[in-house]
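The values are calculated or read from the model by the stated rules, or taken from the named source; none is laboratory data. What you see is a predicted model; the values in this text were computed from it and never measured. Reconstructed Cβ throughout: ideal geometry from the backbone, glycine too, with neighbour counts over all protein chains shown. Heavy atoms of the whole protein, side chains included, go into the accessibility calculation; ligands, DNA and RNA do not. Shrake-Rupley method; radii C 1.70, N 1.55, O 1.52, S 1.80 Å.
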Amino acid sequence: MFGPARRTWVLGGGGARGAAQVGVLQALFEANIEAPSAVVGTSVGALNGASIAAYPSLAGTMMLREVWMSRPALTVFQAHPLGLLVSGIRRDQLSAFPQQNVRRLIDRAQALTGVTTFEQLRVPLAVVATDLSAGKPVVFRSGLLTPALLASTAIPGLFPSVRIDGRERRVLLRSAEETVDPGGSFGWVLGNAGASGFYRTAYDDELLRRLIRALPELRPEERMALVSDQWALVRANAAKLEGFVDLLAALETEEDHSVLDEVVGRLSYLEHRVVSEASRGALHSFVGRLFQRAAADLGWDPRAGESDERRLRRSAVQRALALVARDPAAVADATARYQRHVARHPHAVDPNLLDVVVAAAARTADEKRFDELRELARTELDPAAKRRYLHALAMQFPIAPLA
C-alpha cells in the first residue's frame with residue numbers, strides 16, 4: 001500500500017495541539033519538501049491526515065487552517081456541566097464531551113475537501129485506532145472516513161468510543177425471502193447504508209435499541225431515513241409507537257436541520273391528528289423537554305456571521321416548541337416577533353422563522369388579528385408570503401364563529 005518510508009508522513013495525537021501540526025505541515029510544503037505518497041494518522045493526526053491525503057499540497061494545509069480557525073474547533077472541548085452524567089446515562093459509557101463536538105470538526109473538514117471516503121483520497125491513508133475490547137490496535141484503510149476518524153479520536157473518559165461493525169455490504173435479493181450471514185457477531189446493523197435504497201427497513205425491538213445507541217455513528221441521511229422508516233411502520237401498524245418515541249428521544253442532541261425537520265414533522269402529525277385531548281398535555285411536555293436545551297442554545301435571533309445550518313436548525317427547534325409543544329413562552333416570543341414583523345420593524349425576525357411566528361400568532365388570534373391576517377393575505381404580492389398568511393387564516397382560532 002505504501003511507498004518509500006521517506007515519503008510516508010506520520011501524524012500523531014495531541015488533542016487541541018493538533019492545530020500546531022498545521023503550521024508544521026505548511027512549513028514542509030513551503031520548503032518544497034516532497035509531498036507524501038501515503039499518510040498515517042492517529043487521533044487528531046488522523047483528522048489532519050485525512051485533509052492532507054485529500055489534498056497533499058499547500059492547498060490541503062490551507063483547508064486545515066480554515067478548519068482549526070472555525071467555531072467547531074473552538075468548542076470541541078466544551079460540554080454542558082452535566083455532560084458526564086448525561087453521557088453515562090444515555091450512551092452506557094462515561095465521557096465528559098459529546099461526540100458531536102468532534103463530529104462537527106470532521107464535518108467542517110469534509111465540507112471543505114469534499115471527500116468522505118478513503119477511496120476518494122488522492123493518496124492512501126491509514127487511520128489507527130484502538131479496539132477497547134481486545135486492547136489491540138485497529139487500522140482503517142477503506143470505507144467511510146467519519147466512523148474511522150471518530151474511533152481514532154475517541155479518548156476514554158473524554159470522548160465516547162465508537163463501535164465499528166465491519167465493512168458495508170451489498171446484497172442482491174433474489175427471492176421474496178433471503179437470509180444473510182453477517183460473518184460473525186455484531187453490535188448493530190443498518191439495513192439501508194447511506195439511505196440510498198428505495199425501500200423501507202424494519203427492525204425487531206432489540207435491533208432497534210442497538211441502532212438507537214449507535215445513532216452518533218450514523219450519517220445524517222441515515223438517521224433521517226431511520227426516523228422516516230419507523231414512522232411509516234407505526235402508521236402501518238407494523239411497529240410499536242413506543243419504539244418510535246424512544247428513537248425521537250435519543251435525537252435530543254441532533255444538530256442536522258434535515259433530521260430535525262423530519263422529527264418535528266412527525267411530532268406535529270402526532271400532535272395534530274393522533275393523540276387524544278387527554279394525552280395531548282403529555283405529548284406537549286415530551287416535545288418541550290426534547291427541544292428545550294437546543295432552544296436555549298439557539299435562541300430566536302441569529303448571531304453575526306452565523307451559518308445557514310444553524311439558522312435552519314433554529315427554525316426547526318422553535319417550530320417544535322411554539323407549534324407542537326405549544327410552549328407558552330415560545331408562543332409569546334413568536335407572537336411578539338410577529339407584531340414587530342407586521343409593523344415593519346427592521347430586522348424584526350429572521351426570514352427562516354416567519355412561518356413559525358405567523359402560525360403561532362394565528363393560534364392565539366382574536367377577531368382583530370384575524371382581520372389583520374386577512375388584509376395581509378389580500379394585499380401581499382409575494383407568493384410565498386401570501387401563502388403563509390392564507391395558511392394562518394386556516395388555523396383554528398379560539399374565537400366565536402364570525403357572522
Legend entry - Residue that is farthest from the chain's Cα centre (by Cα) [pool: residues in the range 326-385 that are of a type in the set (Val, Ile, Thr) and modelled with pLDDT of 90 or more]: Thr379
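So which helices (runs of 4 or more DSSP H) stay within the range 26-99 end to end and still have 3 or more residues that are over 25 Å from Arg303 (Cα atoms) and at pLDDT below 90?
On the way: elements: 44-54, 58-68, 71-74, 83-91.
Fully inside the range 26-99 and qualifying: 44-54, 58-68, 83-91.
Which helices (runs of 4 or more DSSP H) does the range 177-254 wholly contain that include 1 or more residues that are open to solvent by 60 Å² or more (accessible area, probe 1.4 Å) and in contact with a Phe, Trp or Tyr (Cβ under 8 Å, 6 or more places away or on another chain)?
Details: elements: 205-213, 220-235, 241-249.
The qualifying helices (runs of 4 or more DSSP H) are 205-213.
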Inset, instruction - Would you mind telling me which numbered condition in (1) open to solvent by less than 70 Å² (accessible area, probe 1.4 Å); (2) more than 22 Å from Asp261 (Cβ to Cβ); (3) within 30 Å of the chain's Cα centre (by Cα); (4) not charged (D, E, K, R) Gly305 fails? - result: (1)
Inset, instruction - Looking only at the range 112-121, decide whether some residue is crowded, with 21+ Cβ neighbours inside 10 Å, at pLDDT 90 or above and touching a Lys or Arg at 6+ places or on another chain (Cβ under 9 Å). - result: no
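Please find, among Ser228, Ser258, the residue that is more than 21 Å from Ala329 (Cβ to Cβ), modelled with pLDDT of 90 or more, of a type in the set (Ser, Thr, Tyr) and within 14 Å of the chain's Cα centre (by Cα). Steps first, please.
Details: Ser228 fails: within 14 Å of the chain's Cα centre (by Cα).
None of the others qualify; the one that does is Ser258.
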